[in-house]
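Report on the following structure.
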Amino acid sequence: MSPILRLLIHRLALSLLVLAGVSILIFFVARVVPGDPARIALGPNAGAEAVEALREERHLNDPLIVQYGWFLRDLAGGDLGTSLYTRRPVLQDIAAYLPATLELVFIAGLMMVLVGLPLGRLAARHQRRGPDHLARFLSVLAVCTPAFVWGVILQLLLAYVWPIFPLEGRLSTGVAPPPDITGLYTVDALLTGQFGTMLNALYHLILPATALALSGIGQSARLTRSSMIETYRKPYIEMARAYGFKEGRIARRYAFRPALIPTLTVLGLDFAAMLANAFLVERVFVWPGLSRYGVEVILRKDLDAIVGVVLVIAAMFLITNLVVDLIVSIINPRLRLAEKRGK
Amino acid sequence: MADPVLTVRDLHLAFRKGRQRTEVLHGISLHVNAGEKVALVGESGSGKSVTAQLALARLQQEKGTEAEGLIEVLGHDATRSPARIAAMRGHRVTMIFQDPTSALNPVFRIGEIFEQVLRAGGQRLRAQEARRRAEAALAEVQIPDPARALDSYPFQLSGGMNQRVMIAMALANGPELLLADEPGTALDVTVQAQTLRLMDDLVTSRGTAVLFISHNLSVVREFADRVYVIYRGRIVEHGRTEQLFSDPRHPYTKALLAAAPRLLGGGLPDLPQGAEAFADPLLVHDGCAEPGEVTA
Ligand SMILES: Nc1ncnc2c1ncn2[C@@H]1O[C@H](COP(=O)(O)OP(=O)(O)OP(=O)(O)O)[C@@H](O)[C@H]1O
Ligand SMILES: [Mg+2]
């Protein structure tokens, strides 16, 4: 079996275990928090019998451990329960709100990699000279300011004072959403050939994604810079220079690839953290993502929905980590070929 | 006499950090003629590596370095036209390092690195041709399965194999000058000796000039035609190998040689630091003047 496949299986098993742990934790925590979900769902004017009936229907009167049993039975059937707030299956709700968040996070992640890494590389190459000082200043600024503050600043400057970008939403009014294939508007529009819609969706993504990405961009630039600077001191870079390798090629390839290995793992965590940060950014930009749903269900103590949302976010974290591990093991031959070495 | 491929004359070097200025070379002169093997011997920190770096024009432009004096490599002034030197790196002037395994990038295959080396100085080369030449070069340093070595990563090969790879890379483009900075001292003694002999055979048969930087007196004796002894940034003695070993004249050299037989492996002995006599002026053996100088 190839080492990569083994790693994949190992990580997958570990992820499932973590997911099980998270589900148990959130299941019980959500239930011991004071407040009666049935009462909240039905409102202060509902009669006591109605509330009691709902509690009975949702097994809320059973001991916690029995309730967990019900949960597991439903989960086995691919059912995360029903939201008391929207009265729809939780899975269906998540499927409706998650893509908007994912689209935002993907674009932000792309910005983080496409802007942050080259910026860090540039800074390292011109260490302690103009471009480096500028890049470091921008990075610190970007890292220190929370995403939602960036959101407000960007909105104010680029959507209000100079109305270059739209203030909020996923599409302009009057533009119909593309047919639902993946739920990501840009992708769906592209798949169905609606280029106008795609550009419109992208146009709406730029500000919120930038707000979300900025601290990640700063972070990845800083990490890349320090990792590159360390790599530049390695004997194999001295060798490259002694052998006339082009300085640009060293920066883009020869020093960059080894420097990327320690950077990527942290970047993966940053990327996953964007999911959480997206909550506030979505608020600022009235983005119909998972945040609105998440906040709503937590305030309403909508048990099934809380567990569902937390599980989905945990799963996204784990998937991100898995993907990063895979990329690192592809870049780092020591990991990929770990087996052969012993022979 | 053949033209020198490397001429260093009255070279001073100082590092400045903040207000502090440390002078590490106090006006050294040396030369290496075409096809000649010249050793530069001295204790740690005496300024051997910086001399090699200056010859590659790798130090001059760095912040805080002040180099003065002449360094001429293959007819080009390394201080005034570093770009000329830079363009010769990797094919007309090459280098071998202490630890071959750390001198090879761990995330690239040997073949990828080799291809890059073969393209040094902007030579155009198709991948296929590069591969063929790399295999031939590896066969010449007696690597049993060149194709497999090219497909390996440095960490998959032994230190000795990597050193052979390094030697192959250093000689692949037919350089006129090879700078060997304590080649293979990171390897174990027998492997080091084997690879040095291999390097010796190859440079001798090709007539490549070598500046051989070393700690190791017995290796120097076996390998070099001429020897410069450097002590704290000054050349203290210069002579042909047999002259210097049979008739050491400078107090520092004498002390080194007197202490050497007691050492295993031939490394430099610890001598009483800063013994006054070690600061004595340069002693040059007969017939060993620097070019352009009259022998006294
Ligand atoms: N880039 C640098 N900046 C500041 N000081 C330096 C730098 N490079 C070398 N030096 C100093 O210059 C002196 C000579 O160093 P060099 O590396 O040439 O010694 P060496 O003779 O090669 O010693 P070794 O046998 O340990 O390799 C040392 O004192 C070292 O600390
Ligand atoms: Mg040295």
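Numbers for the structure displayed
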{"item": "Size of the A/B contact, given as accessible area buried on both chains, probe 1.4 Å, in Å²", "result": "2400 Å²"}
{"item": "Exercise: per-residue mean of other protein chain Cβ atoms within 10 Å, B:105-111", "result": "6"}
{"item": "Helix A:130-144 vs. chain A, principal-axis angle (Cα, 0 to 90°, nearest 10)", "result": "10 degrees"}
{"item": "For the range A:254-282, residues shielded by at least 40 square angstrom of accessible area compared with the chain on its own, probe 1.4 Å", "result": "A:Y254, A:R257"}
{"item": "Histogram of C-alpha separations across the range A:96-299, 10 Å bin width, %", "result": "9, 30, 29, 20, 10, 2, 0"}
{"item": "Selection from A:G47, A:L19, A:L64, by position along the positive dipole direction of the range A:3-76 (Cβ)", "result": "A:L19"}
{"item": "Set A:K234/B:K37; B:K37/B:K254; A:K246/B:K17; B:K48/B:K254 screened for pairs whose C-alpha atoms are more than 26 Å apart", "result": "A:K234/B:K37; A:K246/B:K17"}
{"item": "Computed over the protein assembly as shown, the ratio Rg/Rh where both radii use C-alpha atoms and Rh is Kirkwood", "result": "1.15"}
{"item": "Using alpha-carbon coordinates, inclination of helix A:303-331 to the longest axis of chain A, degrees", "result": "20 degrees"}
{"item": "Computed [θ] at 222 nm, deg cm²/dmol, chain B (DSSP H ≥ 4; -39,500 (n - 2.57); rounded to nearest 500)", "result": "-9500 deg cm²/dmol"}
{"item": "Backbone N under 18 Å from the B:A139 label point (7 Å along Cα→Cβ), restricted to the range B:173-192", "result": "B:173-174"}
{"item": "Chain A: calculated mean residue ellipticity at 222 nm from DSSP helix runs of at least 4, using -39500 (n - 2.57)", "result": "-23000 deg cm²/dmol"}
{"item": "Of all accessible heavy-atom area on chain A, the percent that carbon and sulfur account for (1.4 Å)", "result": "68 percent"}
{"item": "Average beta-carbon neighbours from other chains, 10 Å sphere, peptide B:52-63", "result": "1"}
{"item": "Angstrom value of the Kirkwood radius, inverse mean 1/r, which spans all Cα pairs in the range A:3-76", "result": "14.8 Å"}
{"item": "Whole-Å semi-axes of the ellipsoid equivalent to the range B:108-256 (Cα gyration tensor, √5λ, descending)", "result": "34, 16, 13"}
{"item": "Length released on extending from A:I4 to A:L110, taking residue separation times 0.36 nm less the Cα-Cα span", "result": "35.7 nm"}
{"item": "Solution diffusion estimate, µm²/s, Stokes-Einstein, chain B, Kirkwood Rh from C-alpha pairs, 25 °C, viscosity 0.890 mPa s", "result": "124 µm²/s"}
{"item": "Cα-based helix-to-principal-axis angle, B:189-206 vs chain B, degrees rounded to 10", "result": "80 degrees"}
{"item": "Under the Karplus curve 6.51 cos²θ - 1.76 cosθ + 1.60, θ = phi - 60°, whole-Hz ³J(HN,Hα) for the range A:209-215, x wherever Gly or Pro sits", "result": "5, 4, 4, 5, 7, 3, 5"}
{"item": "Net charge contributed by nearby residues that have their C-beta within less than 13 Å of A:V113 (K/R +1, D/E -1)", "result": "0"}
{"item": "Dimensions (Å) - the range A:21-123, Cα atoms, principal axes, largest first", "result": "67, 31, 27"}
{"item": "Net charge contributed by nearby residues that have their C-beta within less than 10 Å of B:G174 (K/R +1, D/E -1)", "result": "+1"}
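The values are calculated or read from the model by the stated rules, or taken from the named source; none is laboratory data. From a predicted model like this one, the values you see are computed outputs, not experimental measurements. Virtual Cβ from ideal backbone geometry, glycine too; neighbours counted across all protein chains shown. Only protein heavy atoms, including side chains, enter the accessible area calculation; ligands, DNA and RNA are left aside. Shrake-Rupley method; radii C 1.70, N 1.55, O 1.52, S 1.80 Å.
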